[in-house]
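Here the structure is laid out as structure tokens; the discussion comes afterwards.
Computed from the coordinates by the stated procedures, all read-outs in this text should not be read as laboratory data. Being a predicted model, the structure only gives us computed values, none of them experimental. Glycine also receives a Cβ, built like all others from the backbone with ideal geometry; neighbour counts cover every protein chain displayed.
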Amino acid sequence: MKTVDMHVHLLSSKVKFDRFYDKIAISFFARRLGSSAGKLLKNPYEEYVNTLIKSVRGSNRVEKIVLFGIDEKIDESGNLLHKDNTVCATNEDVMSVYSKNQDVIIPFFSINPLRADAAKLIDRYAKAGFKGAKFMQNYWEIDTNNPAFASYYEKLKEYNLPVVFHIGSESSLPSNKTYESLKMIEQPLKLGVKVIVAHMALSYEPLKIGRALRRNPKYFPQEYHTLLEMLESYDNLYADISAILTPVRAKVLKHLSSHFKVHDKLLYGSDYPVPFSIMINSYDLPLIKRLKLVFEKNPFDRYAGAIGEYFPKNSPIYTNYKKVLDI
């Protein structure tokens, strides 16, 4: 049975892979995506999109992907404060990819609520076929509980559009930890918007990496445990398992897979193209299974294969997308 990957990033059409981190990781990154460093460096955006679409179409486990970019960081007057040339893909970029690949793409928009025309933009993209919203409030450095944003959430509710909140640690973009907590979902949750908490609200402190890798639940971040409780309490709250295969997050898989009460609120997602390790990880998969998975060439199937070791084919996490997406 195939599923929908609820968390996939489109990179900026201006991406050059010239950041310090990119230069270090490009060979590994390209190989894991199913491309090559040479191709990505020569035609970064075109090669990224082509590889992405090819991988989805060639996947045995993923039928469609939810694709989104990240809006710019602006001030209250709409002035540009920061735009990352790798991660900040525009909604028009998403629209372009979607228009050519409607059979495998489910588009989400990213609109900073500080934009004066945010409501009109929601109208525009909802009518164009976009099925949800993506927030990076930790990058934007905004308090999503600002009463001024209520009309934004009401507009999402009007169109029955879910909103994905990045909750937990962030390493690809500048991030203000003040805005990484579960407190950021209070207002939209209260207003009845379908809220999706990304990454299971998992954070870590770089200086406490030893503790961060421990598999004993008592060492897991408190917000992870709080999220599990909230998932049982709020009908309009969901969480995705995107990037859960990164070493500091994978430790929770055994615990989460046995926490059956929340399985009907979990959404499958990968956080593609964020790299993850099959071999060097904090989960408890035996070596023989890791070796089998690491040779899977398709990145979507590689991720799904590891998740499948904890959530079998009949798990609701593979069909829960039907509860949040109007498709």
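Just to check, using Stokes-Einstein with a Kirkwood Rh over alpha carbon pairs, what's the diffusion coefficient of the stretch 134-261 at 10 °C and 1.306 mPa s in µm²/s?
105
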| query | Once all Cα-Cα distances of the stretch 69-227 are split into 10 Å bins that start at 0, what whole-number percent is in each one? | reply | 10, 37, 34, 15, 3
| task | May I ask you to derive the relative contact order of the stretch 221-327, considering only C-alpha pairs under 8 Å and at least 6 residues apart, and to give it as an integer percent? | result | 29
| remark: the chain: relative contact order from alpha carbon pairs under 8 Å, six or more residues apart, as a whole percent, is 18
| field | Amide H contacts under 5 Å for Leu267, placed H, 5+ residues apart | value | Ala239, Asp240, Ile241
| Computed FRET efficiency, Cβ-Cβ of Glu63 and Asn314, R0 22 Å: what is it to the nearest 0.05? | 0.85
| Name the residues of the stretch 239-269 whose amide N is less than 17 Å from a point 7 angstrom out from the Cα of Arg215 along the C-beta direction? | 244-259
| note | Note: Asn145 to Phe20 extended length (0.36 nm per residue) minus current alpha-carbon separation gives 41.5 nm
| said: Check which residues have an amide H placed less than 5 Å from Ile106's amide H, if you skip close sequence neighbours. | reply: Ile65, Val66, Leu67
| request: Quickly estimate the mean residue ellipticity at 222 nm for the chain, helices only: each DSSP H run with n ≥ 4 gives -39500 (n - 2.57), and the total goes over all residues, rounded to 500. | output: -9500 deg cm²/dmol
| said: For a protection proxy built on the mean count of beta-carbon atoms within 10 angstrom, sort 250-258, 71-79, 150-158 highest first, please. | reply: 250-258, 150-158, 71-79
| Once phi is turned into ³J(HN,Hα) by the Karplus curve 6.51 cos²θ - 1.76 cosθ + 1.60 with θ = phi - 60°, what whole-Hz value does each residue of the stretch 314-327 show in order, with x for glycine and proline? | 8, 5, x, 4, 8, 10, 5, 4, 5, 7, 10, 10, 8, 10
| Inter-label distance, nm, simple model (7 Å from Cα along the C-beta direction), Glu158/Ile280 | 5.0
| field | Principal axis dimensions, the stretch 173-327 - Cα atoms, whole angstrom, descending | value | 47, 41, 29
| query | Which entry is the computed P(r) over Cα pairs in 20 Å bins from 0, in percent for this structure: [x] 25, 47, 20, 6, 1, 0; [y] 28, 55, 16, 1; [z] 33, 62, 5? | reply | [z]
| 27 Å Cα cut-off, lysine pairs counted over the stretch 1-51 (separation 8 or more, or different chains) | 7
